[in-house]
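Please read the structure below before turning to the comments.
The values are calculated or read from the model by the stated rules, or taken from the named source; none is laboratory data. None of the values given here were measured: they were computed from a predicted structure. Glycine gets a Cβ as well: all are built from the backbone with ideal geometry, and neighbour counts include every protein chain shown.
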Amino acid sequence: MEPQTSKRVNSFPPSGIRRIFELASRPDVISLAIGEPDYDTPGHICAAAKEALDRGETHYSSNLGTAQLREALARRFAEESGVSVDPNREIIVTIGGTEALYLSMAAVLDAGDEVLIPDPGFMAYNSQVHLVDGVPLPYPLRIEKGFYPDPDEMERMVTPRTKMLLINSPGNPTGQLIPRDVLDGLAGLAERHNLIVISDEVYNSIVYDGLESVSFASLPGMKERTITINSFSKIYAMTGWRLGYAIAHPNLIDGMNKVHQVVAACAPTMLQSASAYALRADQGFVREMVSEYQARRDMVTDLLNRVPGFRCIKPEGAFYAFPDIRGTGMKDFDLCEYLLLEAKVGAVPGNVFGSRGEGHVRVCYATSRDKLQEAGERMAKAMAKRGL
Ligand SMILES: Cc1ncc(COP(=O)(O)O)c(C=O)c1O
């Protein structure tokens, strides 16, 4: 007997970037594929985790997370967004932003409920909607419109089964920050159709040129219907720690906690202590890292625009560029394979992020300037070889 997996699990594809990651992890390849900071977690945060272990913080915490961390998160959220939340009822600490996203869907959606998700967008959105028997409604983000959502177009997609709207700003893979007037349009849409909004703000501290990331929950009337998702992964270079959180109405947090209790129980206690410390410690590391990313963003946009057949707009946040590669005449998968073999550079095919990502590739510039320079030159040479 060959064991078989469920129809639900078979209803979405495995991560399309696995093959690219495997090829890109060869030592002679410069990988711009993986979406994580090249920085290690700062030493003072690691030291705080070691101290927590030495204090014996090796037990379960409250399912919602330690009171100390939830209080620190409520303070941070109020400072950043002006929205005050009750740390005892409106925050849950999770295993990365990834679990927080899943809990949101599991708590809100019934089978057949529709969710507006960005296309292109972070891969987990589509798969997670399938995992709870929901139906994804991918809304297009087009380079011609700066990769911003179009609320009017989205309104035409809404049906009586549409229950949720998911937004991500700054966005993966586009790097774009949704402007205030578009956020207002999305708030109107949510209100008119009584949608719960998941606002994925995991890149909210990585924005450039003095722009500011606005929390969706801070828009008039939006706090009650918004689930804000955030994480320690990107801001503190803590991807391997797996710590994230959600902020939402107590009814929704209760529902999310019911699921969290049976799939994770709680986030690692000693890491929660260190994360609370990360929030109150000096933030100089974050400022330096973001200013370095901004310099790399400038550099990589120029380099990509010099690759024959590529066109790249300057991203406003996160650490991704998403050039249009239609000028090369190649499909995104073929192009990525060619770049790997010919230029020894790893990038991610755009259509991994949804069908509207076709004609683009994602380049992560969370890597050293030397490597970015070398990768840009190698890509330009490889494309020139094709007579472009
Ligand atoms: C848009 C977006 N949301 C959420 C996550 C999840 O991050 P984590 O689970 O590490 O907190 C990622 C990770 O790449 C992401 O790009």
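Some values worked out for this structure:
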item	result
Among the candidates V29, V93, V135, residue that is closer than 22 Å to A281 by Cα and touching a Gly at 6+ places or on another chain (Cβ under 7 Å)	V93
Subset tally (residues that are modelled with pLDDT of 85 or more and assigned to a loop (DSSP other than H, G, I, E, B)) for the stretch 13-47	14
Selected residue (criterion: surrounded by the most Cβ atoms within 10 Å (Cβ to Cβ)) from residues of the stretch 245-279 that are part of a loop (DSSP other than H, G, I, E, B) and of a type in the set (A, V, I, L, M)	A248
Within the stretch 1-47, considering residues that are of a type in the set (A, V, I, L, M) and over 26 Å from the mean Cα position of the chain (by Cα), the one surrounded by the most Cβ atoms within 10 Å (Cβ to Cβ)	A47
Sole exception among (1) assigned by TED's automatic domain parsing to the domain that holds F122; (2) free of Cβ contacts under 8 Å to residues at least 24 places away in the same chain for Q68, by number	(2)
Residue in the stretch 59-82 that is surrounded by fewer than 22 Cβ atoms within 10 Å (Cβ to Cβ) and within 21 Å of G175 (Cβ to Cβ) present	yes
Within the stretch 324-358, considering residues that are more than 21 Å from the chain's Cα centre (by Cα) and part of a loop (DSSP other than H, G, I, E, B), the one farthest from G309 (Cα to Cα)	K344
Output for the stretch 200-225, where each listed residue is of a type in the set (D, E, K, R), more than 17 Å from the chain's Cα centre (by Cα) and either within 16 Å of the ligand (Cβ to nearest atom) or over 24 Å from Y365 (Cβ atoms) (or both)	K223, E224, R225
In the stretch 86-115, residue surrounded by the most Cβ atoms within 10 Å (Cβ to Cβ) [restricted to those that are of a type in the set (V, I, T) and out of contact with any Ser or Thr (no Cβ under 9 Å at 6 or more places or on another chain)]	I92
All helices (runs of 4 or more DSSP H) inside the stretch 85-187 with 1 or more residues being touching a residue at least 40 places away in the same chain (Cβ under 8 Å) and within 16 Å of the ligand (Cβ to nearest atom)	96-108, 123-131
Filter result for N194 (assigned to a loop (DSSP other than H, G, I, E, B) and within 16 Å of the ligand (Cβ to nearest atom))	no
Sole residue being within 16 Å of the ligand (Cβ to nearest atom), in contact with a helix residue (DSSP H, G or I) (Cβ under 8 Å, 6 or more places away or on another chain) and over 12 Å from G96 (Cβ atoms), chosen from M238, M256	M256
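Residue-by-condition table, conditions (1) touching a helix residue (DSSP H, G or I) at 6+ places or on another chain (Cβ under 7 Å); (2) buried (at least 23 other Cβ atoms within 10 Å of the Cβ); (3) modelled with pLDDT of 95 or more:
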| residue | (1), (2), (3) |
| --- | --- |
| R287 | no, no, yes |
| P315 | yes, yes, yes |
| Y320 | no, yes, yes |
| I325 | yes, yes, yes |
| V345 | yes, yes, yes |
